[in-house]
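Read the structure below first, then the notes.
The values are calculated or read from the model by the stated rules, or taken from the named source; none is laboratory data. Keep in mind it's a predicted model, so treat the numbers as computed, not measured. Glycine gets a Cβ as well: all are built from the backbone with ideal geometry, and neighbour counts include every protein chain shown. Side chains included, ligands, DNA and RNA excluded: accessible areas come from the protein's heavy atoms. Shrake-Rupley method; radii C 1.70, N 1.55, O 1.52, S 1.80 Å.
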Amino acid sequence: RWRRGAGRHGPRLRGPRRLDARQPVTLVVRAPFTAHVTPLSEVPDPVFASGVVGDGCALLPLVATECLTVHAPVNGVVTKLKPHAAIVTSTSGVSILIHLGIDTVSLHGLGFAALVQEGDVVAAGDPLIHWDLTPVRDAGLSPCVPLIAVSPPGTAVSLEAPPGQVPVLSPLFTA
């Protein structure tokens with residue numbers, strides 16, 4: 001005999017509402033290369049410095065560095081790839097922009113070599129782009145690298161790394 005309120009396919013299980021039961025997912029964004037961490041407000045580009053693009057931090061390659069490999073800061077999919085920039089969208093839906101240098105689009109790809117393609121699935125630490133800093137420095141451009149949570153818009157960022165030098169893949173911020 002069926003119990004009252006059991007329904008056709010067995011008893012109804014009642015628990016906390018789904019939205020109440022979910023814990024917020026924290027995404028750890030890691031340093032794509034060894035660098036000095038600086039606040040986003042110190043980026044020599046008003047669009048990045050003002051936070052219009054999104055929140056995050058900036059990285060300065062070490063002075064002695066001539067070439068470096070840029071690694072994926074999170075697990076996800078390479079959703080956009082340009083010679084001087086990449087966007088990796090994490091499995092939680094947060095997109096992270098890595099913009100290599102300021103005004104480096106003017107170099108038309110000189111000094112950049114993509115190691116992945118758009119649509120590739122990457123794990124944190126996988127190589128994305130090989131970057132020769134010589135053309136950037138020869139052109140008098142800034143090698144400052146904004147690392148920004150660009151979507152969803154208004155993504156809250158909590159900085160983990162204090163200003164100073166950090167090794168590759170150390171936590172920078174959570175989103």
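Taking Val63 and the conditions (1) touching a residue at least 12 places away in the same chain (Cβ under 8 Å); (2) more than 15 Å from Val29 (Cβ to Cβ), which numbered condition does it fall short on, given that it satisfies the others?
Among (1) touching a residue at least 12 places away in the same chain (Cβ under 8 Å); (2) more than 15 Å from Val29 (Cβ to Cβ), Val63 violates only (1).
What tally of residues in segment 77-120 results from selecting those that are surrounded by fewer than 15 Cβ atoms within 10 Å (Cβ to Cβ) and of a type in the set (Lys, Arg)?
Final tally of qualifying residues: 1.
Where the second residue is open to solvent by less than 30 Å² (accessible area, probe 1.4 Å) and assigned to a strand (DSSP E or B) and the first is basic (Lys, Arg) and lies in segment 75-100, which pairs have Cβ atoms under 7 Å and are six or more apart or on separate chains?
Going by the 7 Å Cβ cut-off, the qualifying pairs are Lys80/Ala86.
Could you give every pair whose Cβ atoms fall below 9 Å, whose first residue belongs to segment 140-169 and is without any contact (Cβ under 8 Å) to a residue 60 or more places away in the chain, and whose second residue is open to solvent by less than 60 Å² (accessible area, probe 1.4 Å) and part of a loop (DSSP other than H, G, I, E, B), counting only separations of at least 6 or pairs across chains?
Leu141/Gly101; Leu141/Ile102; Pro152/Gly93; Pro152/Val94; Gly154/Gly54; Ser158/Ala175
Conditions first: (1) over 17 Å from Thr26 (Cα atoms); (2) open to solvent by less than 40 Å² (accessible area, probe 1.4 Å). Val157 passes all but one, so which condition is the exception?
It fails just one condition, (1).
So how many residues does segment 160-175 have that are under 13 Å from the mean Cα position of the chain (by Cα) and farther than 16 Å from Ala72 by Cβ?
Total meeting the criteria: 1.
Condition first: out of contact with any Pro (no Cβ under 7 Å at 6 or more places or on another chain), open to solvent by less than 50 Å² (accessible area, probe 1.4 Å) and of a type in the set (A, V, I, L, M). Now tell me which residues in segment 129-154 satisfy that.
Those that are out of contact with any Pro (no Cβ under 7 Å at 6 or more places or on another chain), open to solvent by less than 50 Å² (accessible area, probe 1.4 Å) and of a type in the set (A, V, I, L, M): Ile129, Leu141, Val145, Ile148, Ala149, Val150.
Is there any pair with a first residue in segment 29-41 that is of a type outside the set (S, T, N, Q) and a second that is part of a helix (DSSP H, G or I) whose Cβ atoms are under 8 Å apart and which are 6 or more apart or on different chains, and what are they?
Close Cβ pairs (under 8 Å, with a partner that is part of a helix (DSSP H, G or I)) amount to Leu40/Phe48; Leu40/Ala49.
For the list (1) hydrophobic (A, V, I, L, M, F, W, C); (2) under 17 Å from Phe33 (Cα atoms); (3) modelled with pLDDT under 95; (4) in contact with a Gly (Cβ under 8 Å, 6 or more places away or on another chain), I need the number of the one condition that Leu147 fails.
So Leu147 meets the others, but not (3).
Restricting attention to segment 73-82, does a residue exist that is part of a loop (DSSP other than H, G, I, E, B), on the phi < 0 side of the Ramachandran plot and touching a Lys or Arg at 6+ places or on another chain (Cβ under 9 Å)?
yes
Filter segment 100-127 down to residues that are touching an Asp or Glu at 6+ places or on another chain (Cβ under 9 Å) and closer than 25 Å to Phe173 by Cβ, then give me how many there are.
Of all residues in segment 100-127, those touching an Asp or Glu at 6+ places or on another chain (Cβ under 9 Å) come to 102-103, 110-113, 115-116, 120, 126.
Add one more test, that the residue is closer than 25 Å to Phe173 by Cβ, and what stays is 102-103, 112, 115-116, 120, 126.
Here the count works out to 7.
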